[in-house]
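Just below is one structure, and these are the notes that go with it.
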Amino acid sequence: MRIPFLLTAAAALALGAGSAMAANYTIDPTHTFVTFEIDHNGTSTNRGRFDNVEGTIEFDRAAKTGKVDVTVGIASVSTGTAGFDKHLQSEQLLNAAQFPTARFVSEKFDFKGDKVDEIKGQLTLLGQTHPVTLDAEKFNCYANQMLQGREVCGGDFEVKIDRTKWGSNFGLDWGAAKEVKVIIQIEAIKAD
């Protein structure tokens, strides 16, 4: 059993270019996904991903500030098994009918040098909101030649959550795992 978590976030995501003013970035849906991992009975790891991620990012590298507001479509969960996808979307787990989205809204960016190290914020899932900290495993900005040299920034961000904080308790009486690892792969394109 696995519980996706968004990540919302979900993620996530830090962006940056060297400018004196905050710049706006548009999430690139072809390079942005939220994936999750959860232990399956101590035997293997269940994995899945959310394919529908959208939101806004504002980033000022010089001032070391930013804002992230990212929404993940719960019905876009994809595990490679249609029956499991439906179970994840059901009332027993993510209840996509009542809570169609998860949302991450940042509160603070922390840096190591010129690179984003962590993003602290609030994650809303299953109608409940709790603080999370996204750890930057990678972060970079580059001139994307496929986009005529436009700047793209992003990275891989991770967070481990206790799903029960958001009210996801299915399977606990059988010994199902509470901890879910969420990985946010995000790239965003600087607006002209």
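Tabulated data
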read-out: Proximal charge balance of His130 [Cβ under 15 Å; K/R count +1, D/E count -1]; value: +3
read-out: Segment Gln145-Arg47, extension gain: residue separation times 0.36 nm, minus the distance between their alpha carbons; value: 32.0 nm
read-out: Max mean-square fluctuation residue, GNM over the chain, Cα-Cα springs under 10 Å, options Gly73, Gly175, Gly154; value: Gly175
read-out: Per-residue Cβ neighbour rank within 10 angstrom, fewest leading, Tyr142, Tyr25; value: Tyr142, Tyr25
read-out: Over the chain - Rg/Rh using Cα atoms and the Kirkwood inverse-distance radius; value: 1.00
read-out: Residues Ile184, Ile38, Ile57 arranged by fewest to most Cβ contacts within 10 Å; value: Ile38, Ile57, Ile184
read-out: Charged-residue dipole, Cβ positions (Lys, Arg, Asp, Glu), the chain about Cα centre, Debye nearest 20; value: 140
read-out: Under Karplus coefficients 6.51, -1.76 and 1.60, residue-wise ³J(HN,Hα) of region 29-40 in Hz, glycine/proline x; value: x, 7, 10, 10, 8, 10, 10, 9, 9, 8, 4, 10
read-out: Rounded if a/c under 1.5, otherwise prolate or oblate - region 82-148, Cα gyration tensor axes; value: oblate
read-out: Residue order, fewest to most surrounding Cβ atoms within 10 angstrom, among Trp166, Trp174; value: Trp174, Trp166
read-out: Stretch gain in nm, segment Glu179-Phe99, where the contour uses 0.36 nm per residue and the Cα spacing is subtracted; value: 26.7 nm
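We did not get these values from a lab; they are worked out from the coordinates using the rules stated. These numbers come from a predicted model, not from an experiment. Reconstructed Cβ throughout: ideal geometry from the backbone, glycine too, with neighbour counts over all protein chains shown.
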